[in-house]
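Since the structure comes first, as structure tokens, the remarks are kept for the end.
The values are calculated or read from the model by the stated rules, or taken from the named source; none is laboratory data. Quantities reported herein were computed from a predicted structural model and do not represent experimental measurements. All Cβ positions, glycine included, derive from the backbone under ideal geometry; neighbour counts span all protein chains shown.
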Amino acid sequence: MTDTESASLSAQDTRLATRAGIFLYSLIAYAAGMAAIAWLVASLAGLVPLGTAPLELHSTAGALALNTILVLLFGLQHSVMARRHFKAWWTRVVPPPAERSTYVLASALALGLVIWLWQPLDAMIWSVSDPTARSVLWGLFAFGWLYLVAATYVTNHYDLFGLRQAWLHLRGREYTPVPFVRKWMYRYSRHPMMLGILIGIWATPEMSAGHLALALGLSGYIAIGVTLEERELAGHFGEPYRRYRREVGALLPRVRA
């Protein structure tokens, strides 16, 4: 084997190792993202505590201030890293096939920080005692989170969480963006994932002040995030998306006379 052939094989091995490393990184990021979502759902269901960090803020104002900062950090991370201008700059720092996985990992860490550092506010806003009403609310809670998961598969679950990009890169194939779809729940709602989250965070038979603060904070983030995303999607897809926006409601189906 000549030195040239040896160098070529070594370069191929290096590229393959790099691709495998990116794919492994995407798997880790995906696992972290799923774990953070599961942690949030379990916390809101009361299966694990919401806020477990050993902080002792003895005033309601201090607790509210910290909770507000946590939601703002979460919202900024989600909104800034999702914008095209940031991605264009960011992919000069991280490999493009790892960009989405890095976003997912950062989102998981931001959400985990919210859940870990969240300051409980024990005052009870409402508590439903009727067994039927409780069952209905828990049913809505489960429906919301399952609806969110289902909506990710209608587009492309694995692209959304960065696995598809890394897998195509591992196989040496060029990435192709997922096309705009208008099927299943996307025929009636432009943002069914956000709708699922809203149902999941508000449908509960036991609404403490701490849960309410988190629900309000995440609802505010969703309102801002949807506005920014709509603007970007309209710029990217043009008239087809603007027509879609006129015909289909953001969260709920439009009521036509």
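Could you check the range 81-102 and list, in sequence order, the residues that are within 18 Å of the chain's Cα centre (by Cα) and either over 14 Å from R164 (Cα atoms) or without any contact (Cβ under 8 Å) to a residue 24 or more places away in the chain (or both)?
Answer for the range 81-102, where residues must be within 18 Å of the chain's Cα centre (by Cα) and either over 14 Å from R164 (Cα atoms) or without any contact (Cβ under 8 Å) to a residue 24 or more places away in the chain (or both): M81, A82, R83, R84, F86, K87.
Restricting to the range 175-191, and then to whatever is exposed (fewer than 13 other Cβ atoms within 10 Å of the Cβ) and aliphatic (A, V, I, L, M), can you tell me which residue is modelled with the lowest pLDDT?
V181
Considering each residue of the range 160-210, count those that are among the charged types (D, E, K, R) and touching a Ser or Thr at 6+ places or on another chain (Cβ under 8 Å), and give that number.
The total comes to 1.
For the subset of the range 41-59 comprising residues that are among the hydroxyl-bearing types (S, T, Y) and surrounded by 13 or more Cβ atoms within 10 Å (Cβ to Cβ), which member is nearest to R231 (Cα to Cα)?
Filtering first and then ranking leaves S43.
Search the range 178-190 for residues that are on the phi > 0 side of the Ramachandran plot and pair each with any residue that is surrounded by fewer than 17 Cβ atoms within 10 Å (Cβ to Cβ) when their beta-carbon atoms are under 6 Å apart and the residues are at least 6 apart or on different chains.
Here the result reads W184/V154, each pair linking the range 178-190 to a residue that is surrounded by fewer than 17 Cβ atoms within 10 Å (Cβ to Cβ).
Return only the number of the condition from (1) touching a helix residue (DSSP H, G or I) at 6+ places or on another chain (Cβ under 8 Å); (2) surrounded by 13 or more Cβ atoms within 10 Å (Cβ to Cβ); (3) not basic (K, R) that A209 does not satisfy.
(1)
Let me confirm something: among A98, A108, A63, which residue is at pLDDT below 95 and buried (at least 16 other Cβ atoms within 10 Å of the Cβ)?
A63
How many of the residues making up the range 214-231 are surrounded by fewer than 20 Cβ atoms within 10 Å (Cβ to Cβ) and touching a residue at least 60 places away in the same chain (Cβ under 8 Å)?
Selection size over the range 214-231: 6.
For the subset of the range 143-174 comprising residues that are exposed (fewer than 15 other Cβ atoms within 10 Å of the Cβ) and of a type outside the set (A, V, I, L, M, F, W, C), which member is nearest to G220 (Cα to Cα)?
The selected residue is Y153.
Residues checked against (1) in contact with a strand residue (DSSP E or B) (Cβ under 8 Å, 6 or more places away or on another chain); (2) of a type in the set (A, V, I, L, M, F, W, C); (3) over 30 Å from T60 (Cα atoms):
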site	(1), (2), (3)
I115	no, yes, no
I125	yes, yes, no
R134	no, no, no
L163	no, yes, yes
